[in-house]
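*Asks:* Please see the structure below; I have some questions.
The values are calculated or read from the model by the stated rules, or taken from the named source; none is laboratory data. The shown structure was predicted, so the numbers you read here are calculated from the model rather than taken from an experiment. Backbone-built Cβ (ideal geometry, glycine too); neighbour counts: all protein chains shown. Calculation scope for accessible area: heavy atoms of the full protein, side chains included, ligands and nucleic acids excluded. Shrake-Rupley method; radii C 1.70, N 1.55, O 1.52, S 1.80 Å.
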Amino acid sequence: MERRSFFKAAAVTSIAAAAALTSGQASAQDKKYTIALVPGLTTDAFYITMRKGAEAAAKAVGVTLVFQGAPDFNPVTQVPVLDAVIAKNPDAILIAPTDKTQLVQPLKKAADAGIPVITVDTFIGTGVYQTGGGEADFPISYIASDNVLGGEIAARSLAKAIGEKGKVYVSNVKPGISTTDQREQGFKQEMAKYPGITVLETQFNDNDANKAASQLQAVYARNSDLAGVFGANLFSALGAANGVKQAGQSGTIKVVAFDAPGSIVDNINAGLVDMAIAQHPAEIGYFGVMAAYAHLTGNSIPTAIGTGFTVIDKSNLSDPKVAKFIYSE
């Protein structure tokens, strides 16, 4: 997604929320809306935190929130859940698609049934919606962190931690997941600005922390001067951190994690992870419900709404203003 339009959308987020709370509220008194939130998976702290933000918004505007998802991040398990949600005919669907291609047609069923679709955290197609072209532009909005920027922030943080020299790599899940693809993209784009840093081949771990740990040790065995690793999601980061520990290189090989559940914080305190790039999932959930409500009550909403990041490390972990961005367990 083009960065400028994303942040422009972020600037009008408050307008969308205000519209939902004011001009749309009177018409809502005549109808009780139901909004469904389908997460990438139900057990992850990121989505648990997103749900809490969505619940706060639902309470504020008096809508019913239905939270229903699969236990793992997989289109094979998510599609049946989505089908079940569509069958209940909610007034709007918020969803974190688990694949940017495989979820297009399943979500098209919702749109064809007259159910507005908003994607949260992840997207389908290119994530650029309402263009009038392409088979995946039908969602009315995409609400998420700017994941390219998140990858860039991770790169700058890691570059500083390793003195702008050495070898690094990305520990990622698998190709085809919109968010982690973009984080890797942003990381590599930013690292290209540091001539003293070599970015090695990405290691894909299929969301298996044990595999990520083994890959870290294998990469280190081939590159004794390995200086750092960027874990593009929770399990990638935790696995890489464990691999560093098993290799006896804690504190020498720097680990930057994307996302900040309690387990990452424990690793920061233990010195296994050097820093975490925290998204603001509660904001994503909150603005998701507000945007859906605004649309349902006749207000226009931006096609993209961006939320922010907070970099967490040992130096600011105890700051309440920073600690509030640690995800709920």
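*Asks:* Once you've got the GNM for the chain with C-alpha springs shorter than 10 Å, pick whichever of P281, P261, P39 has the biggest mean-square fluctuation.
*Replies:* Top of the fluctuation ranking is P261.
*Asks:* A follow-up question, please. Could you please state how large a percent of the accessible area of the range 161-232 is carbon and sulfur, counting protein chains only and using a 1.4 Å probe?
*Replies:* In the range 161-232, the share of accessible area belonging to carbon and sulfur is 46 percent.
*Asks:* Need one number for the range 130-210: average projected area of the convex hull over its C-alpha atoms, nm².
*Replies:* On the way: hull surface 27.6 nm².
That works out to 6.9 nm².
*Asks:* A further question follows. Which residues does a label at T198 reach in the range 208-228, if reach means a backbone N under 15 Å from a point 7 Å past the Cα toward the Cβ?
*Replies:* The answer is 219-228.
*Asks:* Follow-up. Roughly how many Å² is the accessible area per residue of the chain, as a whole number, for a 1.4 Å probe?
*Replies:* Values: 12990 Å² over 329 residues.
Accessible area per residue, the chain: 39 Å².
*Asks:* In addition: If I compute semi-axes √(5λ) of the Cα gyration tensor in Å from the structure I just sent, which labelled value in (1) 32, 28, 15; (2) 36, 19, 18; (3) 52, 27, 19 lines up?
*Replies:* Label (2) holds the value from this structure.
*Asks:* Let me ask something else about it. What's the magnitude of the charge dipole for the range 247-329 around its Cα centre, counting Lys and Arg as +1 and Asp and Glu as -1 at the beta-carbon? Answer in Debye, nearest 20.
*Replies:* Working: 4 positive and 7 negative charges, 25 e Å.
Taking the Cα centre of the range 247-329 as origin, the dipole is about 120 debye.
*Asks:* Which helices, counted as full DSSP H runs in the chain, have an axial Cα extent of no less than 15 Å and a Kyte-Doolittle average of 0.5 or above?
*Replies:* 75-87, 234-246, 281-296
*Asks:* Carbon and sulfur together cover what percent of the accessible area of the range 244-291 at a 1.4 Å probe radius?
*Replies:* Numbers: 640 of 1350 Å².
It is 47 percent, rounded to a whole number.
*Asks:* Given a Förster distance of 25 Å, report the FRET efficiency between D266 and A221 from their Cβ-Cβ distance, rounded to the nearest 0.05. Intermediate values should be presented prior to the final figure.
*Replies:* On the way: r = 27 Å, r/R0 = 1.08.
Given R0 = 25 Å and the Cβ-Cβ separation, E is 0.40.
*Asks:* At 0.36 nm per residue, minus the direct Cα-Cα distance, what do E329 and K160 gain on full extension? Give it in nm, one decimal, please.
*Replies:* Stretched out fully, the E329 to K160 stretch lengthens by 57.8 nm.
*Asks:* Mean-square fluctuation check for the chain, GNM, Cα pairs under 10 Å: which of V63, V120, V148 is largest?
*Replies:* In the Gaussian network model the winner is V63.
*Asks:* Excluding L82 itself, calculate the net charge of residues whose Cβ lies under 14 Å from the Cβ of L82, where each Lys or Arg counts +1 and each Asp or Glu counts -1.
*Replies:* Once all neighbours under 14 Å are counted, the net charge is 0.
*Asks:* Moving to a separate point now. Cα centroids of the range 29-74 and the range 260-281: how far apart, whole angstrom?
*Replies:* 25 Å
*Asks:* Sticking with this structure for a sec: Cα atoms only, the range 90-162: Rg and Dmax in Å?
*Replies:* For the range 90-162, the Cα-based Rg and Dmax read 15.1, 52 Å.
*Asks:* Cα-Cα pairs above 25 Å in the range 204-329: how many percent?
*Replies:* So the portion of pairs separated by more than 25 Å is 36 percent.
*Asks:* Still on this structure, I have one more. Have a look at A212, A113, A291 and tell me which one the Gaussian network model of the chain (Cα, springs below 10 Å) gives the largest fluctuation.
*Replies:* Highest fluctuation of the listed residues: A113.
*Asks:* Compute, for the chain, the length of the dipole vector about the Cα centre, with Cβ point charges of +1 (Lys, Arg) and -1 (Asp, Glu) only. Units Debye, rounded to 20.
*Replies:* It comes to approximately 420 debye.
*Asks:* Have a look at the DSSP beta bridges in the chain and tell me what percent are antiparallel, nearest 5.
*Replies:* Of all bridge pairs located within the chain, approximately 10 percent are antiparallel.
*Asks:* While we're here: Quick check: net charge around D313, other residues with Cβ under 12 Å of its Cβ, Lys/Arg +1 and Asp/Glu -1? All intermediate terms of the calculation are to be shown ahead of the outcome.
*Replies:* Details: positive: K160, K254, K314; negative: D274, D319.
Once all neighbours under 12 Å are counted, the net charge is +1.
*Asks:* Using the Karplus equation 6.51 cos²θ - 1.76 cosθ + 1.60 (θ = phi - 60°), what ³J(HN,Hα) coupling, rounded to whole Hz, does each residue of the range 128-143 give in order, writing x for Gly and Pro?
*Replies:* Couplings: 9, 10, 6, 8, x, x, x, 7, 10, 9, 6, x, 8, 6, 10, 10 Hz.
*Asks:* In addition: What number comes out for the charge environment of Y220, summing +1 per Lys or Arg and -1 per Asp or Glu over other residues with Cβ under 14 Å away?
*Replies:* +2
*Asks:* Under a point spin-label approximation (7 Å from Cα along Cα-to-Cβ), what is the Q130-D72 distance to one decimal in nm?
*Replies:* 3.7 nm
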